[in-house]
Amino acid sequence: MPLPAPPATRADDRSCTVTLFRICEDGVAQDIIELANGGWQRHDFYMRLALVVESGAKCLGSHVGAVIVRDDRVLGSGYNGTPAGYPNCTESERGCRRCALRIERPDQQLAGKLYDICLCVHAEQNAMATAARFGTAIDGAILYTTLQPCFNCLKELMQVRLRGVIFLREWKAGHPEYAWVSEEYQRLVDHYRSKGNVFARLDQQETLDAVQVEIGHPV
Ligand SMILES: [Zn+2]
Ligand SMILES: [Zn+2]
Ligand SMILES: [Zn+2]
């Protein structure tokens, strides 16, 4: 069976699709992922996985999915929601009061505030916790997340020695009462990058060129 023509290289087009072919040869089925540009489409592939994971999120706030990858293999995944077995924010009991208040009382302007009393475990935290639970070392791995990590997730992924973070949507660090919070976040990002780690948005093609997904260990 002739293969369809591979997609043309569109290095600056994020919507470029990863095409999956199934070839049957002597009764053996084989899947091939056609990568138009191996330098960046692998990142796109893992981000698509993170988007699928995101579809499981059960929080009233932003839905986020995360995948941890090392040596081109998935080590863990997670989406945001309350701890396992606890009522979710989307259920009628409203698992997290803060998440519920964000919707019910927008006048209280809870966005960017009181993360420490939010019951929802973030997608990145769930991905790291799952790896820990099953005894999988994740130092030197890359995290793909559909939303830029918050302060807590950034601190934690630095501490477990993830060597890269690639995110899809931007998140702005800030606090209505403290103008310096966004600068503090940027200082943390700058420090992380200064150690040879990657912190990039998927759209930033020029930054991603430097990433070597196949290499496992931190510099
Ligand atoms: Zn929630
Ligand atoms: Zn919450
Ligand atoms: Zn977070």
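Key figures
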{"quantity": "Of residues in region 129-167 being of a type outside the set (A, V, I, L, M, F, W, C) and within 16 Å of ligand 1 (Cβ to nearest atom), the one nearest to residue 69 (Cα to Cα)", "calculated": "146"}
{"quantity": "Selection count, region 156-175, where residues are under 19 Å from residue 62 (Cβ atoms) and either in contact with a helix residue (DSSP H, G or I) (Cβ under 8 Å, 6 or more places away or on another chain) or part of a loop (DSSP other than H, G, I, E, B) (or both)", "calculated": "11"}
{"quantity": "Subset of region 59-105 (residues that are touching a residue at least 40 places away in the same chain (Cβ under 8 Å), exposed (fewer than 14 other Cβ atoms within 10 Å of the Cβ) and within 13 Å of ligand 2 (Cβ to nearest atom))", "calculated": "103"}
{"quantity": "Candidate set from region 76-107 (those that are under 19 Å from residue 154 (Cβ atoms) and either away from ligand 1 (no atom under 11 Å from the Cβ) or part of a strand (DSSP E or B) (or both)); member that is farthest from the chain's Cα centre (by Cα)", "calculated": "76"}
{"quantity": "Complete set of residues in region 135-153 that are surrounded by 22 or more Cβ atoms within 10 Å (Cβ to Cβ), more than 11 Å from the chain's Cα centre (by Cα) and outside any loop (DSSP other than H, G, I, E, B)", "calculated": "none"}
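Every number here is computed from the coordinates shown, using simple stated rules; none is lab data. Just so it is clear, the structure is predicted and the values come from calculations on it, not from any experiment. Positions of Cβ are generated from backbone atoms using ideal geometry, with glycine treated the same way; all protein chains shown enter the neighbour counts.
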